Amino acid sequence: MSKKNLPWVIMILGATAVGKTDLSIELAERINGEIISVDSRLFYRGMNIGTAKPSIEERECVPHHLIDICDPNEHWSLSKLKVEAQRLISDIQNRGKVPICVGGTGQYINALTQGWVIPKIEENPELRSALNSWAEEIGRTELYRKLQMIDPIAAEKMEPNNLRRTIRAIEVIFSTGRLFSEQRKKEDLPYRVYQVGLQRDRSEIFERLEKRVDLMMQQGFLQEVEQLLAKGYSRDTRAFSAIGYSQLTSYLSNEIDLEDAIDDIKRQTKKFVRRQNTWFKQTDPEINWYQMNQNPLESIISDLINLKILPKS
C-alpha cells in the first residue's frame, strides 16, 4: 500500500503536567476517537494517584486502552507495548474510529512513530541475576554511570533512575557484543502519524507540578503506597522506581521525613520534565507544536481537516 493511502494515527505528546489528558479527551469526544496510553506509569493497577491516571469518569467518557493492564510486579517490555499498541491502532481504525495515542514516555512514542525494531535476545537468567546483584552492590546511579561510559547515546535516551531499562541496555550489550544504541533498526509503519506537541512556559509547568504533587498528597497518595506495600509488593518492584513511589517508600521505611520526600518528588519531577525536552525537541520537524495558553483544540481540529486527516464536518 502506498504511504499516501495509509490510515492516520494522532499522537499527543508533551511534558508532564502540560495538559495532555484533558485535551486528548476533548479531542476524542469531538472526532470519534479512542485513546491509547503511551505512558509506562499507567500500566499498573492500584497506582492511580501518583501517576495522575485518568479517572474512571474520564475513561467512561472516552474509551481508553493500555491502562490498568498489569500488576506492579509484572513486566511490560517496550516490544510488548509496541505490538499491543499497533494491534489496538488497527482495531480502532477497523471500527471506523480515530486512534489517539497519548503519552510522555519518549521511547514508547518513538517506537510507535519511528518504527523501532526492538533488539531480541535469548533469556539469560544468570546474566540478569548478576546485573541485579551488581546494581544492589553499587546502586542504580552508579550503574547508570557505567552505561554512560559504555554507551552514552543509549544512556542519554533513558531516565537515570530507571534501573530496569539500565539493566536491559547493559544486558543487550553483554549478550550481543554490540552497543545498545546501534541496534535500533527501523521498519515501515502500517499507518501515518500526525504528532501533536503541547507546550507551556517552563515556569508554568513547574507551578502546575508543585500544585499537582500537593493535590496528590491531599487525595491520599501516601495511603495508596501503604496499600500497595500491604498487598505484598516489594519496594524493589520495578513499578516503585516511578517518581513519587520511591520517595514515599523511603519515608515509610523511616529513611527520610515526609516533607523531604515531598520536596524530592517535586524536584525529581522537574528534572524529568527537563529530560523530556531531549525527547520532544522544539526543532523536530515531525512534531506540530501548539501552545496550551491559546486553547489549541480548535486549531488542532482545523489542521487535521485541512490535511485531510479528518473529513470536513
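Quick look at the values:
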{"read-out": "Cα→Cβ-extended label distance, 7 Å offset, between residue 97 and residue 129, nm", "value": "4.5"}
{"read-out": "Straight-distance crosslink candidates among lysines, where the alpha carbon sits under 17 Å from residue 146 and sequence neighbours closer than 8 are dropped", "value": "157"}
{"read-out": "Candidates 143, 229, 248: whichever shows maximal mean-square fluctuation once the chain is modelled as a Gaussian network with Cα springs under 10 Å", "value": "229"}
{"read-out": "Estimated distance in nm for a label pair at residue 275 and residue 59, the labels positioned 7 Å out from Cα along Cα-to-Cβ", "value": "2.6"}
{"read-out": "Centre separation in Å (Cα based) which lies between region 64-109 and region 176-209", "value": "15"}
{"read-out": "Nearest-20 debye value, region 178-313 charge dipole, Cβ charges on Lys, Arg, Asp, Glu", "value": "700"}
{"read-out": "The chain, relative contact order in percent, only Cα pairs under 8 angstrom and at least six apart counted", "value": "26"}
{"read-out": "Semi-axis lengths, Å, region 1-99, gyration tensor of Cα atoms, sqrt of 5 times eigenvalues", "value": "23, 17, 12"}
{"read-out": "Degrees between helix 125-138 axis and first principal axis of the chain (Cα, 0 to 90, nearest 10)", "value": "70"}
{"read-out": "Gain upon complete extension [residue 5, residue 307; 0.36 nm per residue less C-alpha separation]", "value": "107.4 nm"}
{"read-out": "Neighbour count of at most 11 Cβ within 10 Å plus DSSP loop: longest GluC sites (Glu not before Pro)-free window in the chain", "value": "1-121"}
{"read-out": "Over region 125-183: Rg over Rh, Cα atoms, Kirkwood Rh", "value": "0.93"}
{"read-out": "Projected label distance in nm at residue 252 and residue 227, using a 7 Å step from Cα toward the beta-carbon", "value": "1.2"}
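Just so you know, all these numbers are worked out from the coordinates, no wet-lab data involved. Not measured: the values here are computed from a predicted model. Ideal geometry is used to build each Cβ from the backbone, glycine not excepted, and the neighbour counts take in all protein chains shown.
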